[in-house]
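Engineer: I have a structure I would like to understand better, so I am pasting it below and will then ask my questions one at a time.
The values are calculated or read from the model by the stated rules, or taken from the named source; none is laboratory data. This one's a predicted model, so the numbers in the text were calculated from it and none came from an experiment. Every residue, glycine as well, gets a Cβ built from its backbone with ideal geometry; the counts of neighbours run over all protein chains shown.
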Amino acid sequence: MGCPLPELPFSWGGKWTSFFSGFCTACRLVRKIVECKESRIGKQPITVPSNVTLTMDGQDVKVKGPLGELALTYPREIKLEKEESGALRVKKAVETRRANQMHGLFRTLTDNMVVGVSKGFEKRLQLVKVEETRIIVSGYDKSEIGQFAASIRKWRPPEPYKVVLLQ
């Protein structure tokens with residue numbers, strides 16, 4: 001005797017994909033809902049300023065601007081397309097869970113690269129004890145700036161019960 005639960009079709013090219021959920025008493029199988037929605041962040045285009053040059057070579061992307069040069073290698077689940085207007089779009093090459101996870105992430109990483117080499121980033125830290133000391137960490141690579149600021153925080157963590165703070 002076959003499973004009485006119907007097989008529902010799903011689309012690979014649509015906005016989302018859904019599978020049937022239910023319990024079959026004949027074969028004792030449980031089916032769960034899996035939804036593959038397109039990332040709201042990943043759908044947004046990336047505007048490239050005129051002072052930034054972008055080089056795409058397969059899955060490798062190099063961004064060069066007045067503040068520096070950054071490179072990123074995309075996984076095979078993600079592809080980058082340049083539109084006629086000059087904007088970039090990050091698209092999924094396949095419809096898998098990993099591709100859905102990487103879609104918004106690599107769009108944000110690419111946007112951070114473009115903004116970093118054109119405008120730069122800065123992180124402000126404040127060390128308070130007897131006198132105030134302010135530290136400004138700046139550069140064009142957002143991940144390196146955050147990592148350096150975290151290492152400073154690790155060196156002098158904020159104390160929750162005293163006035164000594166690193167904000």
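Engineer: Looking only at residues in the range 105-129 that are modelled with pLDDT under 90 and of a type outside the set (D, E, K, R), which one is nearest to residue 68 (Cα to Cα)?
Structural biologist: That would be 125.
Engineer: Only one residue in 136, 78, 145 is β-branched (Val, Ile, Thr), loosely packed, with under 14 Cβ neighbours inside 10 Å and in contact with a strand residue (DSSP E or B) (Cβ under 7 Å, 6 or more places away or on another chain). Which one? Let's see the steps before the verdict.
Structural biologist: Details: 78 fails: loosely packed, with under 14 Cβ neighbours inside 10 Å; 145 fails: loosely packed, with under 14 Cβ neighbours inside 10 Å.
Matching residue, one of 136, 78, 145: 136.
Engineer: Kindly check whether there is at least one residue in the range 140-155 that is in a strand (DSSP E or B), in contact (Cβ under 8 Å) with a residue 40 or more places away in the chain, in contact with a helix residue (DSSP H, G or I) (Cβ under 9 Å, 6 or more places away or on another chain) and not assigned by TED's automatic domain parsing to the domain that holds residue 48.
Structural biologist: No: zero hits.
Engineer: Looking only at the range 89-108, decide whether some residue is of a type in the set (Ser, Thr, Tyr), surrounded by 15 or more Cβ atoms within 10 Å (Cβ to Cβ) and touching a residue at least 60 places away in the same chain (Cβ under 8 Å).
Structural biologist: yes
Listed here are the residues, each with its yes/no results for (1) in contact with a helix residue (DSSP H, G or I) (Cβ under 9 Å, 6 or more places away or on another chain); (2) β-branched (Val, Ile, Thr).
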| residue | (1), (2) |
| --- | --- |
| 58 | no, no |
| 92 | yes, no |
| 97 | no, no |
| 104 | yes, no |
| 108 | yes, yes |
| 112 | yes, no |
| 117 | no, yes |
